[in-house]
Amino acid sequence: MRDTLRNSSADTGQAYTLDAAAVAGGLETMAETGLSGVEAARRLQIHGPNRLKAHKPQSLTALLVHQFKSIIVWLLVAAAVLSLALGDRADAIAICVVLLINGIIGFVTELRAARSMEALLRITDVSARVRRDGQVREISAVEIVPGDIVLLEAGDVVSADLRLFSVSGLLCDESLLSGESAPVAKDIHPLKPDTSPAERSNMAFSGTAVTQGLGEGIAVATGMASELGRIGALAQEADGQASPLEQRLDRLGHRLLWLTLVLAAVTSLAGVLWGHPLADMLKTGVALAVAAIPEGLPVVATLCLARGMWRMATHHALVTRLSAVETLGSTTIILTDKTGTLTENRMSVVRYLLADTDITVTQTGTGNGPGFLRGGLDLNPAETALLIQALETGALCNTADLGSTENPGTIGDPMEISLLQAAKAAGVAHPELGLRLPQAARHAFDPGCKMMATVHEHEGRYLYAVKGAPEAVLAVATRVMTEAGEKPLTSDHRAIWRARQAEAASSGLRLLALASKVESSASAAPYADLTLIAFVCFLDPLRAGIPQAVHEAQRAGVRVVMITGDHPQTGARIARDAGIGAGELKVMTGREVEAMGSGSAQGGTGDQALLTRTDVFARVAPETKYALVSAFQNAGHVVAMTGDGVNDAPALKKADIGIAMGQRGTQVAREAASIVLQDDNFATILMAMRQGRIIFENIRKFVVYLMSCNVSEVLIVGLAVGIGLPVPLLPLQILFLNLVTDVFPAFALGLGRGSADVMQRPPRDPKEPIIDRPRWILIGILGSAITLAVLAAFTLALFWLELPAGPSVTVTFLTLALAQLWNVFNMCSPCGRLSGNDVLTNTYVWGALALCLGLIAAALWHPGLSQILGLEWPGLNGLLLSGTLSFVPLVMGQVFLMLMPDPARLPPSASL
């Protein structure tokens with residue numbers, strides 16, 4: 001049996017049928033000490049990292065082939081085949097070159113985007129707590145090996161298949177494997193061999209979530225040998241789904257495709273009727289269809305999204321869903337946690353409220369650690385038995401660890417760490433306390449009753465150490481501890497304690513109550529008949545820059561609402577300091593929200609209006625957050641919500657943008673969220689929101705640019721042929737311009753850093769199309785301006801300069817090329833005006849212009865390229881004519897934009 005279990009990540013099919021001790025023996029491990037560091041390293045070499053095999057990255061060949069799968073490319077192929085059939089080998093070769101260049105551009109861009117996404121996915125690292133060498137250590141989950149003793153608590157994601165040997169109210173969400181939404185209660189008893197995986201109550205499976213309680217288990221299967229790994233192996237080849245933004249861009253391209261095919265057919269027919277050769281008109285028609293479609297859209301959009309997401313990642317905001325990028329720009333309200341998001345989550349004990357006195361804890365005692373004061377005078381904690389009892393209770397009812405000389409560093413909740421630090425400063429050593437009062441049982445924090453307890457052996461009986469929310473402990477306490485001993489806790493005493501709590505909370509302090517009792521059994525009800533010992537006051541200072549960030553959000557038209565589990569007065573004080581709310585602060589408790597019933601979350605008028613006007617929700621249970629998100633969404637808001645706990649996951653999924661905390665957040669919350677804040681800082685949300693708005697603004701810029709340029713190409717050829725003029729542009733010239741003057745400036749616009757006032761505008765309507773009515777008008781105006789300038793140049797070259805058809809076509813080519821390049825300066829914000837033009841400061845734009853000008857010059861002066869493109873020397877007058885008229889669209893565009901309201905500031909309107 002031992003050899004079987006030891007072989008290649010123990011078989012979970014056998015482990016659940018065995019006693020836990022037998023499993024431990026088979027894997028040569030011990031529950032009390034775990035593996036040694038040396039043995040763990042050896043097993044890691046044998047079994048490999050504890051990770052699932054990632055989806056096979058798309059190969060370079062697959063990426064290259066993907067560039068030739070669009071309808072646009074097949075139109076070019078058809079043009080090449082047609083040219084070859086007509087004996088025009090040069091055109092066929094040139095079109096193939098265009099195909100190759102376009103494919104290379106798309107390939108390089110998608111390769112960069114794919115590698116960026118792979119890098120983003122490597123940023124986060126899941127950790128797990130294991131027992132090694134007799135000590136609890138926090139390690140990367142990929143380092144877990146068979147035989148490791150893994151510790152679980154609420155909020156953890158199980159990192160390997162575990163055979164449980166110790167549980168305390170342990171519940172696991174196994175919906176990932178079974179599809180059942182109800183948490184599964186766990187135990188430690190062996191099961192029959194025919195027990196189905198869904199009924200294996202003594203197993204905790206990799207990838208499932210701990211929703212409540214505590215547990216310890218032996219890792220029996222890791223990586224692909226786990227139950228999750230077996231399921232994951234079946235889905236390795238699943239295809240990904242395009243984001244909503246990509247789908248909208250694709251729909252836009254396909255709609256334009258059919259429209260331009262009709263226009264190209266009409267143009268070709270008109271040319272034939274005017275006497276142009278059929279073969280030339282067929283090639284021109286196909287080239288026009290290709291020119292009219294902004295085939296660079298998907299490529300540039302991918303680059304823009306990847307660049308923006310990478311910027312967010314460098315600023316500690318990891319975007320896990322592409323759709324979140326576009327939603328960020330339309331967020332209207334942020335429902336934010338207080339602790340760790342608005343505050344530093346750097347808890348320190350500042351006061352103990354005892355029955356007879358208040359003890360102040362300073363952070364600069366005589367030993368450079370916390371010191372104690374009573375009445376402004378230094379106090380030796382040992383002289384106050386009641387303070388020592390409070391310190392011991394806070395240290396016993398605790399799951400944190402201050403570390404040791406061998407393993408420095410604290411592990412655990414910041415409040416619990418600060419309780420241990422205060423006890424240590426008073427000479428109450430946690431390890432020695434644990435030896436004197438060994439732990440017999442532990443009751444994990446219960447969100448329902450807002451308390452936790454530990455049970456300790458004490459002189460033949462059992463000491464219950466309890467901590468929790470002050471009002472929860474007051475509700476079940478029957479006595480109060482004083483310097484003279486225990487006394488009954490009367491209603492008058494309760495009122496006094498509540499008043500002390502309110503006074504401390506109004507100063508922005510967070511409070512916990514400490515209580516205890518002694519029982520003859522370790523299985524007594526932990527939260528009944530308690531003796532109140534003290535209230536502990538904690539200070540969690542506001543993060544630097546929070547008021548400025550909240551002000552920036554409000555200026556951007558985004559409301560900030562605080563949701564906290566703290567006392568209403570504590571939340572209100574922090575909210576005022578942060579600048580939340582306008583005028584009188586509106587505060588509501590979780591019980592008041594629940595009292596309204598589900599109707600408020602489903603659209604009730606009066607209650608919903610009251611909810612949506614509230615600035616602070618205090619004493620809110622995680623389950624209530626879901627109802628609040630629904631209420632704000634029903635009121636028409638686009639909701640971003642922060643969360644860190646297991647029970648926050650439903651609300652994070654429900655919110656339009658779920659934002660999880662990367663440092664203190666549970667893995668369940670991170671997996672449910674769209675964005676993970678690696679620094680847990682509220683200000684990072686505003687940075688991500690700014691980047692989201694910039695990304696969408698850049699996408700709109702290059703779409704308008706591409707569309708206006710492509711519209712002009714269709715109109716120039718269509719109008720010229722329609723009125724009987726010679727064909728002003730040859731097919732290869734159109735293709736060349738479509739490749740050069742379209743793609744590179746569009747790339748540059750997609751990489752812009754955005755306008756300075758992007759966060760001073762109201763949020764965008766999420767239903768607003770990429771091209772709305774004002775921008776369609778702008779596309780039409782700019783496309784018409786380019787068309788008029790180019791046709792004017794063509795006409796003047798023919799009839800004023802009296803140039804032959806060949807040089808006149810070159811004048812048309814140069815005028816169009818330059819006019820499209822200068823058109824990039826009509827794409828700036830706020831409304832395209834040269835004053836305050838953010839495009840002028842975009843170095844990528846200047847680089848793109850330099851590259852394009854060089855390519856245009858090469859097309860004109862390089863003998864081989866000019867011959868292929870059919871460009872003939874137009875003379876100095878022709879060059880001057882092209883250069884002069886190429887600026888006309890820029891001037892006309894600026895005049896129009898001065899008269900046109902800024903589209904970014906107009907109310908949302910439907911697309912034409």
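Bear in mind that the values in this text are calculations on the coordinates, not laboratory data. As the structure is a prediction and not an experimental result, all values here were calculated from the model. Glycine also receives a Cβ, built like all others from the backbone with ideal geometry; neighbour counts cover every protein chain displayed.
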Enumerate the amide H contacts of SER348 below 5 Å, restricted to partners 5 or more residues apart or on another chain; note that Pro and chain-start residues carry no placed amide H. LEU539
Cα-based equivalent ellipsoid, the stretch 633-698: semi-axes from gyration tensor eigenvalues, Å: 20, 16, 9
Would you work out which of GLY403, LEU474, LEU435 lies farthest towards the positive end of the dipole of the stretch 348-539, given +1 charges on the beta-carbon of Lys and Arg and -1 on that of Asp and Glu, about the Cα centre? LEU474
Starting from the amide H of ALA444, placed 1.01 Å from N in the peptide plane, find each other amide H under 5 Å away whose residue is 5 or more places distant or on another chain. LEU214
Among the listed pairs LYS424/LYS487; LYS338/LYS586; LYS186/LYS653; LYS450/LYS625, give every one whose C-alpha distance is greater than 19 Å. LYS424/LYS487; LYS186/LYS653
Go ahead and run the numbers for FRET between GLU138 and ALA185, Cβ-Cβ distance against an R0 of 35 Å, rounding to 0.05. 0.85
With θ set to phi - 60° and the Karplus curve 6.51 cos²θ - 1.76 cosθ + 1.60, what are the ³J(HN,Hα) couplings of the stretch 157-170 in order, to the nearest whole Hz, using x for Gly and Pro? 9, 5, 9, 7, 6, 10, 8, 6, 10, 8, 9, 9, x, 7
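Using the crude model of +1 on Lys and Arg Cβ and -1 on Asp and Glu Cβ, and no other charge, please compute the dipole size for the stretch 348-539 relative to its Cα centre, in debye to 20.
360
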Apply the Karplus curve 6.51 cos²θ - 1.76 cosθ + 1.60, θ = phi - 60°, to the phi angles in the stretch 464-475 and return the couplings in whole Hz, x for Gly and Pro. 9, 9, 10, 9, x, 4, x, 5, 5, 5, 4, 5
Using modelled amide H (1.01 Å from N, peptide plane; none on Pro or chain starts), what sits under 5 Å from the amide H of SER36, excluding residues fewer than 5 places away? ASP133
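Neighbouring Cβ atoms within 10 Å as the yardstick, rank GLU153, GLU713, GLU594 fewest first.
GLU594, GLU153, GLU713
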Binning every alpha carbon pair distance of the stretch 348-539 at 5 Å from zero, what are the percents per bin? 1, 8, 17, 21, 22, 17, 9, 4, 1, 0, 0
If you plug each phi of the stretch 350-358 into the Karplus form 6.51 cos²θ - 1.76 cosθ + 1.60 with θ = phi - 60°, what whole-Hz ³J(HN,Hα) values come out, in order, with x for Gly and Pro? 10, 6, 10, 9, 9, 4, 10, 6, 10
Checked against the positive end of the charge dipole of the stretch 653-812 (+1 on Cβ of Lys and Arg, -1 on Cβ of Asp and Glu, about the Cα centre), the farthest of ILE734, ILE695, VAL811 is ILE695
Whole-number D in µm² s⁻¹ for the stretch 676-756, Kirkwood Cα-pair radius fed into Stokes-Einstein, 20 °C, 1.002 mPa s: 139
